[in-house]
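Q: Input: one structure, supplied below.
The values are calculated or read from the model by the stated rules, or taken from the named source; none is laboratory data. This one's a predicted model, so the numbers in the text were calculated from it and none came from an experiment. Counting neighbours? That spans all protein chains shown, and the Cβs are built from the backbone with ideal geometry, glycine included. Protein only, heavy atoms only, side chains kept; ligands, DNA and RNA dropped before computing areas. Shrake-Rupley method; radii C 1.70, N 1.55, O 1.52, S 1.80 Å.
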Amino acid sequence: MAPTLFTACNTLPPEEVVPPKGGLSVEPAPTLFDSPLALPSGGAGLFISFEGIDGAGKSTHIAGLADAFEAQGRVVTLTREPGGTPLAEKLRATVLGDPMDALTEVLLIFAARRDHLVNVIAPALLRGEVVLCDRFTDATFAYQGAGRGFDLNVLSTLERWVQCDEGLLGDPAGNKPMKPEIETVIEPHLTVWFDLPPEEAAFRLAGTRVPDKFESQPVEFFRRVAQGYADRQQGHPERFARIDASQARDVVWQAVLQVFIGKGWLS
């Protein structure tokens with residue numbers, strides 16, 4: 001089935017649906033369009049995010065996918081979160097390097113996300129490019145929500161505010177929305193989740209670099225983060241593709257490639 005870029009932002013579940021402080025059962029927002037967006041081809045932008053705990057091996061396969069899309073004549077924008085713009089990269093350095101309370105951390109992450117959407121992601125999609133983004137909002141729900149126990153109601157509210165289209169993309173496929181003048185949330189067409197046991201991720205990271213404040217967290221933190229990703233997949237199954245990242249690198253690459261071939265985005 002063709003992907004849908006938007007979900008209805010003012011029809012997300014009310015606060016009482018989302019349990020506070022670490023509960024992760026979230027109802028998915030309804031799809032905005034009554035017919036799916038056209039398959040990305042011939043100028044239609046494609047937004048793909050990549051998720052997983054630190055050490056899951058995302059970066060290698062993101063680069064490989066960029067090469068695969070470019071080999072088929074697509075223009076690719078490689079980016080990351082937090083980051084992707086000069087302002088967002090400054091905020092990234094602050095978030096990863098400075099001590100702060102959870103609310104300050106979340107607000108900085110979403111501020112970086114808004115700048116990233118306005119200045120990189122939305123313009124690239126309007127140009128018909130393939131946007132490959134290392135982490136997006138699912139990471140915030142997994143790390144800050146599940147990992148740090150931050151209130152999911154606040155995260156959901158910020159998601160609606162920060163990712164509302166507000167004319168950034170319009171209706172790229174010419175489809176009619178279910179309701180006129182409805183606000184919409186920008187989200188990826190596809191999220192590739194590299195699922196790896198936290199113990200194995202810690203072993204892979206050991207001694208590879210100086211850890212930032214998240215990478216230096218104990219294994220129990222990453223168990224909560226991994227569960228957060230699993231809950232996000234359960235809430236958005238149509239958007240997620242789970243990859244078993246514990247396999248050999250070439251096996252993981254073939255699994256990733258098959259996801260995109262299966263959707264008709266690569267051949």
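Q: Within segment 220-262, take every residue that is among the small types (Gly, Ala, Ser) and not in a helix (DSSP H, G or I) and give me the one that is surrounded by the fewest Cβ atoms within 10 Å (Cβ to Cβ).
A: Checking each candidate, the answer is ALA248.
Q: Moving on. Select the helices (runs of 4 or more DSSP H) contained entirely in segment 54-163, then report the ones holding at least 1 residues which are more than 23 Å from GLN258 (Cα to Cα), touching an Asp or Glu at 6+ places or on another chain (Cβ under 6 Å) and open to solvent by 20 Å² or more (accessible area, probe 1.4 Å).
A: Filter on segment 54-163 gives 86-97, 152-163.
Q: Somewhere in segment 246-258, is a residue among the hydroxyl-bearing types (Ser, Thr, Tyr) and modelled with pLDDT of 95 or more?
A: There is no residue in segment 246-258 that is among the hydroxyl-bearing types (Ser, Thr, Tyr) and modelled with pLDDT of 95 or more.
Q: If a residue has to be of a type in the set (Ser, Thr, Tyr) and within 20 Å of ARG74 (Cα to Cα) to count, how many in segment 224-267 make the cut?
A: 1
Q: Which ones in segment 184-209 are at pLDDT 65 or above and not hydrophobic (A, V, I, L, M, F, W, C)?
A: Scanning segment 184-209 gives THR184, GLU187, PRO188, HIS189, THR191, ASP195, PRO197, PRO198, GLU199, GLU200, ARG204.
Q: For segment 236-259, how many residues meet the condition of being β-branched (Val, Ile, Thr) and over 13 Å from VAL192 (Cβ atoms)?
A: Residues meeting the conditions: 1.
Q: Another question, if that's okay. Need pairs with beta-carbon distance below 8 Å; first residue acidic (Asp, Glu) and within segment 239-264, second open to solvent by 30 Å² or more (accessible area, probe 1.4 Å) and part of a helix (DSSP H, G or I); sequence gap 6+ or separate chains.
A: Sorted first by the residue in segment 239-264, then by its partner, the pairs are ASP244/ALA255.
Q: Restrict the check to segment 96-117 and report whether at least one residue is polar (S, T, N, Q) and under 26 Å from PHE222 (Cβ atoms).
A: Yes, that holds for at least one residue.
Q: Let me ask another. So how many residues does segment 164-182 have that are modelled with pLDDT of 50 or more and not in a loop (DSSP other than H, G, I, E, B)?
A: Number satisfying all stated conditions: 1.
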